[in-house]
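Only one structure is covered here, and it is reproduced in the block below.
No value in this document is a laboratory result; all are computed from the given coordinates. Computed from a predicted model, the values in this text were never measured in an experiment. FYI the Cβ positions are ideal-geometry reconstructions off the backbone, even for glycines, and counts take in every protein chain you see.
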Amino acid sequence: ARIQLLTDNDAGISVSSEENKSIGVLSGSGKGFCQVNYILNTNEDLDIGNIIITTGYDEIYPPGIRVGEIIRIEILPSLFKMIIVKPYFDLSHSNRLAVIGVTAAEFY
């Protein structure tokens, strides 16, 4: 099996805010946190404490899985905000693994 953590720099998951459905792409920081990318600086719908969930648009993860919580929002001089998310999992305390979305075609 191939496993990729949400906190991996190469991860990319379609997510939204559970509260207002602002859509972005969640990727890992490699430091235990995640970042939601592609949220415009003009978007004022997100707040610290908002819950981030999967959208299902990436066709990898089903919609509605709670991924984490926004802990920091920074306005950057670029077009997009920096949104930092604390994941809901702690790998050091994990002793179970769930497999989601495996198809036979992925094994060939």
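Proximity of backbone amide H atoms, modeled 1.01 Å from N, is registered between V67 and I52, I53, T54 at under 5 Å, excluding neighbours fewer than 5 places apart on the same chain.
Fully extending the segment from E18 to E69 would add 17.4 nm, taking 0.36 nm per residue of separation and subtracting the current Cα-Cα distance. Computed from label points 7 Å out along Cα-Cβ, the spacing between I60 and L76 is 1.9 nm.
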